[in-house]
Each structure stands twice: as structure tokens, then as C-alpha cells.
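Peer 1: Sending over a structure as C-alpha cells; questions will come in a sec.
Every number in this text was worked out from the coordinates using simple rules, so none of it is lab data. These numbers come from a predicted model, not from an experiment. Positions of Cβ are generated from backbone atoms using ideal geometry, with glycine treated the same way; all protein chains shown enter the neighbour counts.
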Amino acid sequence: MAHPARRRVSLRGLLSALATLLFVAALAAGGWVWFDYRNFSDAPLHIASADATLDIPPGTAFLGIVRRVREGGYSAAPELYWRALAWESKNAQSLHAGEYALTAGLTPRGLLRKMAAGEVIQHRFTIVEGWTFRQLRAALAAEAGVQQTLTTLTDAEVMARLGAADVPAEGRFLPETYSWVRGNSDLDLLRQAHAALGKVLAAAWDGRDAGLPLQSADEALVLASIVEKETGKAEERPQIAGVFLRRLGLGMKLQTDPTVIYGLGSAFDGNLRRRDLEADTPWNTYTRGGLPPTPIALPGRAAIEAAVHPAPGKALYFVARGDGSHEFSDSLEAHNRAVARYQLHR
């Protein structure tokens, strides 16, 4: 029969061995978890497409972000790993909403760093010189990703939203390329372009040539819009502006087709006829003197500069040659000869 003391020693040894075994197992398990976590944090996400993106709506909590990553198939790692990575990176509370590009080789650590820095995708929207405001609104409405908030509003209501009530919308947005991010609205983009136009126009008017027959920056904008629509070759803008300014100074009608076309609106079928030139509208510069009441398009920087810095000369007429350029004439007789040469012959 075994001695009781020996039985106690054997039991104590067994418990000690078991504790040691459990400790070693725990170390092994912890080591494996640590290795697996490190492999997760610095291994590339599963990105199958070259244009993959992650869209995080405003107000999404951290676990909501993790859920979107998992649902997108970019990572199957448990939420615990993502929590640990966010704690280690110290940026769980500073992640920004937005649309992020998931490029090849991007790791979970790199993704959180990108989101903490707010490196969202920057989209581009270009307003083309010579567009009308109607064309601008149509292009904005077709821009995928931009929140549409203005589709049911009139032009006047849009301008009121921009804080410019009673200001005609035509011509009030600078043709340039603007950046936007997912979540921006059509009003956000218009606000950028409207503010840009205001700055460019104010600077141009302040630096205008002396003696121009223009009474305000608004008149300069109207003239610039006509120059924009009449110009086929960029280098001719100052010459064209000079012709119109000399005609204004002499009290001559501008007699420019683009203003007539603008006044016809949807009635214009692409073919300008004599009866159209005789149909009186506020924009018909064949029937009315001076400048039209509003711009007829969105003029760019160059057209605005040409309106306030016209080329010197004596020309009062010009006619299109058919290649985008124009023949400029000082007298009606010379102009009629140019018309016969370039227009009637054609």
C-alpha cells in the first residue's frame, strides 16, 4: 500500500506538469495568434479588380467600416484583428468617410492609414468654354456619383441657393476643371464655379483698359460671352472683342449671329434664316442696339481678358473664312467683298 505522502507528491507533480503543459500550449497559441495577426495587418488585401473602391458613408462607425471591408471580400479577418490594428495604429477615432481606391498591394494597415489621412478619390468635372447654363446643368445631372439636389429647381431658384437671387444664371460659372469627392452635390460644384467666376471677373474689371465703352463688370461679362461664341481660333479673341467695342463706341449695332440664336432658344433648328435675324428678341443684336441683357454662354478666362484688353485697330467687321479664322475689315465695302469671297462663294 502506497504511503499517503508519496501520493500527495505524485499528485502535486501531475498538477505541476499539467500547468506547465497548459502554459506552453498558451504560449504556443498566443504565438500563433500573434503571427497570424501580423500576417493579417501587413499582408495585401484581396483586391481582384484594378478599379476596386471602398465607399464609406458619413457617420459609419468603426465596426461598420470593418463590415464593409469583409462584405466586399477584401478581408476575412475577424473583427478582433481589426480592433487590435486600429488600437495599435491609434487611429480608430480619426477615420474619414468617403470613397477610397483599393490599389494592388494595399494592406489593412495601409488602408487605415489612408482613411485616417482622408485620402479619398478625387474626381474631375470640366465646364467647357462656350457652354450655356442649360448645357452645364445637363452635364452635372449626368455626372455619376454627384448628389443631385437641383433637378427640380428653376435657374432662378438655383441662383437663390447660391446667394445670388435676381442674378441671371447665364455666364456666371467659370469654365474650368473642378475636383469633387463622393458625397459632394451638384450645388457644391456650382458654388465652386460661381465663386471662381466672381474672382476672375472682378480682377479683370479692376485691371481693364482705360476708355472702354463698358459701364460695369457685368457688361464686360456679356461681351466676353459673345466673344467666346464668335471665336474659332483662340488668338483672335482680342481682335473680335476690339471690333465689338469699337461698334459699341460708335453706336453701331453689334449684329452678331450667336446672340440671335440664343434668343431663339429651342426654336432654333440649326439653320439661321433671314426671318430669324428679323425676329425681335431682347438678344437680337440686329434689331436692338447695345449689349444683350444677359450673357449668352459661359465665357472662359481668355474671353473675359479679351473683353477688357481688346486688340487695337480700326476693324468694324469680320466674316468667317470657313477654317475657324476670320477676315477683318475696316469698311463696309471691304467687308462685303470678304463676304462674297468666303460666304457667298461657299
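Peer 1: Can you compute the helix-only [θ] at 222 nm over the chain? Use -39500 (n - 2.57) per DSSP H run of at least 4 residues, normalise by all residues, nearest 500 deg cm²/dmol.
Peer 2: Estimated from H runs of four or more residues: -15000 deg cm²/dmol.
Peer 1: Provide Rg over Rh for the stretch 43-121; use the alpha carbon set for both Rg and the Kirkwood Rh (inverse mean inverse pair distance).
Peer 2: When Rh is taken as the Kirkwood radius, the ratio is 0.91.
Peer 1: Moving on. What ranking, highest mean first, results for peptides 225-232, 191-198, 120-127, 331-338 when packing means the other Cβ atoms within 10 Å averaged over each residue?
Peer 2: Highest-to-lowest ranking by the protection proxy: 225-232, 191-198, 120-127, 331-338.
Peer 1: Further question on the same structure: With only alpha-carbon atoms counted, please give the Rg and Dmax of the chain, in Å.
Peer 2: 34.7, 140
Peer 1: Sticking with this structure for a sec: Near the amide H of Gly98, under 5 Å away, which other amide H atoms are found, from residues 5 or more places off or on another chain, if H is placed in the peptide plane?
Peer 2: Hits under the 5 Å cutoff: Ile56.
Peer 1: Specify, per residue and in Å³, the volume enclosed by the convex hull of the alpha carbon atoms belonging to the stretch 197-248.
Peer 2: Hull volume normalised by residue count: 84 Å³.
Peer 1: Here's something else I'd like to know. Taking only pairs that are 8 or more places apart or on different chains, how many Lys pairs in the chain have Cα atoms under 21 angstrom apart?
Peer 2: Qualifying lysine pairs in the chain: 4.
Peer 1: Could you rank the peptides 46-57, 279-290 by their average count of other C-beta atoms within 10 Å per residue, with the highest value first? Present the calculation step by step, with values, prior to reporting the outcome.
Peer 2: Details: 46-57: 13.9, 279-290: 16.6.
Top to bottom by mean Cβ count within 10 Å: 279-290, 46-57.
Peer 1: Note down the magnitude of the dipole of the chain about its Cα centre, charges +1 on Lys and Arg C-beta and -1 on Asp and Glu C-beta and zero elsewhere, to the nearest 20 debye.
Peer 2: 1780
Peer 1: Right, here's the next one. Please tell me the relative contact order of the stretch 43-121 in percent, rounded to the nearest whole number, where contacts are Cα pairs under 8 Å and at least six residues apart.
Peer 2: Details: 96 pairs, mean separation 34.6, N = 79.
44 percent.
Peer 1: Can I ask one more? Computed over the Cα atoms, what is the radius of gyration of the stretch 209-344 divided by 2.2 N^0.38 Å, N being its residue count? Could you put the intermediate results ahead of the total?
Peer 2: Values: Rg = 14.1 Å, N = 136, 2.2 N^0.38 = 14.2 Å.
Here the Cα radius of gyration is 0.99 times the empirical estimate.
Peer 1: When the expected Rg is taken as 2.2 N^0.38 Å, what fraction or multiple of it is the alpha-carbon Rg of the stretch 227-274?
Peer 2: Values: Rg = 12.5 Å, N = 48, 2.2 N^0.38 = 9.6 Å.
Relative to the rule-of-thumb radius for its length, the stretch 227-274 sits at 1.30.
Peer 1: Here is a follow-up. Could you state, as a whole-number percent, how many of the C-alpha pairs of the stretch 123-202 are farther apart than 15 Å? Present the calculation step by step, with values, prior to reporting the outcome.
Peer 2: On the way: 1653 of 3160 pairs.
When all Cα pairs of the stretch 123-202 are counted, 52 percent exceed 15 Å.
Peer 1: Next question, about the same structure. Could you order the peptides 301-309, 66-74 from most to least packed, using the average number of other C-beta atoms within 10 Å per residue?
Peer 2: Values: 301-309: 23.7, 66-74: 15.8.
Highest mean packing first, the order is 301-309, 66-74.
Peer 1: For the stretch 298-346 and the stretch 170-192, what is the separation of their C-alpha centers, rounded to whole Å?
Peer 2: Centre-to-centre distance over Cα atoms comes out at 33 Å.
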